[in-house]
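Below is one structure; the comments refer to it alone.
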Amino acid sequence: MPGDRLRSLFGGPAGGDEPILLDVGTSSLTAVRAVARPDLKVGPLLAHPVMETLPLAASDCAALGSDCARAGFLFETIDPYSDTFTDAFGVEWLRVDGSATPVRHPLEHASLGEIVKHPRPMWPDIVQVPDASHQGQLVVADAPCPGLLDLSFALRNSWVCLDDMTSNWRSISALLDWSLETIVEAYEQMLSGLPYAPDVIVYGDDLGFQQSMFVSEIDFRNFVRPRMRTLISRLRRLTPAAVCFHSCGAIRPILPDICDLGIELLNFDGAARGMVCSEIRREVPKGLIFHGCSDLVALGRSVRAGNLASVALLTAEIVDSMPVIGAPMDNIYTEVDVEDAQLGARYLRELPPDDVATISRLGPVRSIIANAAERAVCAEPVRLLGAPPKIISVKRNADAHRFSSSAGRTSGKSSHPL
């Protein structure tokens, strides 16, 4: 069964029999951006070349309060002295106030033949692996590239893609097929470099705005969903890891379609229209694990401010969402948010399983909430040291391993030294 080790940590769909697991600082969903903590940047390598997230070592993830550690590609910094840069797909980006926006799309005016023949990127030959001293952490393999719709929008321009769906189905089909093969190749290359199977692999594809979806439900089901199903099926053949599916935006109308893909974890934007955690929990399979749907940063901010009403509300939201992995709602952009995420994690650490069970049964009890918040504030935060990530080299275009779920984990032996 995919994600056996992950599933074994959850006592049941209602929660309350186990502590709340935490994921901070690992994948592009929860990572710390270089702009937030430039002092933690070690050399020219980044976990995400566009968002410029830091590949924190397992020890620094633990210092943030995380039960998880990162694995995945490491990318060279792209032209840090210029306001514009071009990524491996040929998309030109503009840096504005620490964020990057696509401004030129290589396939915007491409013909069908040019789409089919668009060159595939060269994948990195360096991957990050967890430190051997942190074997207790869950291993989260970061998404090696954008998802189907994200990649198609970046290559061709979102408006052209949307127009293609209504008037040029051959072009959008060719583009999505090119993206599908490219994404699978990226996962093959990344997974082939890991010494053993990760516990979780991240797949991210933003499918909506804050108020609505990018594409209609019909277009999603005609063009995107069949290829997503193929993609997930092919990932299943590469690794037994649980799949964490991420999408921003108001995607409630297609949640049944996403759950039908057989994913184990769902990361969505709990602040988007209609994406209320307690309501979504009632509509999805009971065993589906929520990830980062309640904001760990906001929780830490409320604890720091002594706003017990907000702390109680956010705590109840997390407990009601169980089974859940607590995490920031997005990667972390400021130093203050890093500190708040760390404090939010520290607060949840102060809620033992018995207290979680009580909150699940009775709602937020003031004494439990207040005592946990006080202990979290008084505890000395663990300092992040900016330890260099553990890295190994992998041959480009190597054949992907066919992992077993226990390979390398129990014996401590693998073909790549940790």
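Report, in debye and to the nearest 20, how large the dipole of the chain comes out about its Cα centre when Lys and Arg carry +1 and Asp and Glu carry -1 on their Cβ.
On the way: 38 positive and 51 negative charges, 182 e Å.
Here the chain has a charge dipole of around 880 debye.
Mind ranking I391, I115 by accessible surface for me, highest first, 1.4 Å probe? All intermediate terms of the calculation are to be shown ahead of the outcome.
Numbers: I391 80, I115 0 Å².
Correct descending sequence by accessible area is I391, I115.
Rounded to the nearest percent, how much of the accessible area of the stretch 285-373 (1.4 Å probe, protein heavy atoms only) is carbon and sulfur? Mind dumping the intermediate values first?
Details: 1810 of 3390 Å².
Carbon and sulfur atoms account for 53 percent of the accessible area of the stretch 285-373.
Does anyone have the angle between helix 353-362 and the longest principal axis of the chain? Alpha-carbon axes, 0 to 90°, nearest 10?
Once rounded, one gets 90 degrees.
Using 0.36 nm per residue of separation minus the Cα-Cα distance, give me the extension gain between E92 and V276 in nm, one decimal. Mind showing how you got there, number by number?
Working: separation 184, 0.36 × 184 = 66.24 nm, distance 3.54 nm.
So the chain would gain 62.7 nm between E92 and V276.
Would you work out which of L175, L162, G204 lies farthest towards the positive end of the dipole of the stretch 137-216, given +1 charges on the beta-carbon of Lys and Arg and -1 on that of Asp and Glu, about the Cα centre?
Towards the positive end, the residue furthest out is L162.
For the chain, what is the number of Lys pairs with C-alpha distance below 29 angstrom, counting only pairs 8 or more positions apart or on separate chains? Walk me through the intermediate numbers first.
Details: K41/K390; K41/K395; K117/K395; K390/K413; K395/K413.
Value for the chain: 5.
Given R₀ = 30 Å, what would the calculated FRET efficiency be for D260 paired with K117, taking r from the Cβ atoms and rounding to 0.05? Before the final figure, lay out each step's value.
On the way: r = 34 Å, r/R0 = 1.12.
Step by step, r from the Cβ atoms, then E = 0.35.
With a 1.4 Å probe and every protein chain left in place, work out the accessible area per residue of the chain in Å², rounded to a whole number.
Numbers: 17180 Å² over 418 residues.
Counting only protein heavy atoms, the per-residue value for the chain is 41 Å².
Share of the stretch 53-171's accessible area from carbon and sulfur, percent, 1.4 Å? Walk me through the intermediate numbers first.
Numbers: 2710 of 4990 Å².
Looking at the stretch 53-171 in its full context, I get 54 percent from C and S.
What length, rounded to one decimal in nm, is gained on full extension from V284 through to V103, with 0.36 nm per residue of separation minus their alpha-carbon distance? Before the final figure, lay out the partial values.
Working: separation 181, 0.36 × 181 = 65.16 nm, distance 3.72 nm.
Separation in residues times 0.36 nm, less the Cα-Cα distance, equals 61.4 nm.
Using a simple charge model, +1 on the beta-carbon of Lys and Arg, -1 on the beta-carbon of Asp and Glu, nothing else, what dipole does the stretch 220-358 show about its Cα centre, in debye to the nearest 20? Display every interim value, and only then the final one.
On the way: 16 positive and 17 negative charges, 180 e Å.
So the magnitude is around 860 debye.
Place a point 7 Å from the Cα of A305 along the Cα-to-Cβ direction; which residues of the stretch 329-360 have their backbone N under 19 Å from it?
Output list for this probe position: 329-330, 333-348.
Report the charge-dipole magnitude of the stretch 169-236 in Debye, nearest 20, computed about the Cα centre from +1 at each Lys and Arg Cβ and -1 at each Asp and Glu Cβ. All intermediate terms of the calculation are to be shown ahead of the outcome.
Working: 7 positive and 9 negative charges, 54 e Å.
The calculated dipole for the stretch 169-236 is roughly 260 debye.
Defining a contact as two alpha carbons under 8 Å apart and six or more residues distant in sequence, what relative contact order in percent does the chain show?
Value for the chain: 24 percent.
Each residue of the stretch 320-334 in order: what ³J(HN,Hα) in whole Hz does its phi give by Karplus 6.51 cos²θ - 1.76 cosθ + 1.60, θ = phi - 60°, with x for Gly and Pro?
5, 8, 4, x, 8, 10, x, 6, x, 6, 7, 5, 9, 9, 10
Report the label-to-label distance for T77 and S216 in nanometres (one decimal), using points 7 Å from each Cα along the Cα→Cβ vector.
So the label points at T77 and S216 sit 4.7 nm apart.
Where Lys and Arg each count +1 and Asp and Glu each count -1, what net charge lies around V382 among other residues with Cβ under 13 Å from its Cβ? Working shown, then result.
Numbers: positive: R346, R349, R383; negative: D60, E339, E380.
Once all neighbours under 13 Å are counted, the net charge is 0.
Quick one: if you stick a label point 7 Å off each Cα along the C-beta vector at Q135 and C378, how many nm between them?
Going by the 7 Å Cα→Cβ label model, 3.6 nm.
Points 7 angstrom from Cα along the Cβ direction at A370 and S233: gap in nanometres?
It works out to 5.8 nm between the two label points.
Once Kirkwood radius over Cα pairs in Å is worked out from the coordinates, which option in (i) 21.8; (ii) 22.5; (iii) 29.2 does it equal?
Evaluating Kirkwood radius over Cα pairs in Å on these atoms matches (i).
Hey, what number do you get for the chain at 222 nm if only DSSP H runs of n ≥ 4 count, each worth -39500 (n - 2.57), divided across all residues, to the nearest 500? Don't skip to the answer; put the middle values down first.
On the way: 14 runs with 146 residues, N = 418.
Calculated mean residue ellipticity at 222 nm is -10500 deg cm²/dmol.
The values are calculated or read from the model by the stated rules, or taken from the named source; none is laboratory data. All values derive from a computational prediction rather than experimental measurement. A quick note on method: Cβ atoms are made from the backbone with ideal geometry, for glycine too, and the neighbour counts reach across all protein chains shown. Note: accessible area is taken over every heavy atom of the protein model, side chains too, but ligands, DNA and RNA are not part of it. Shrake-Rupley method; radii C 1.70, N 1.55, O 1.52, S 1.80 Å.
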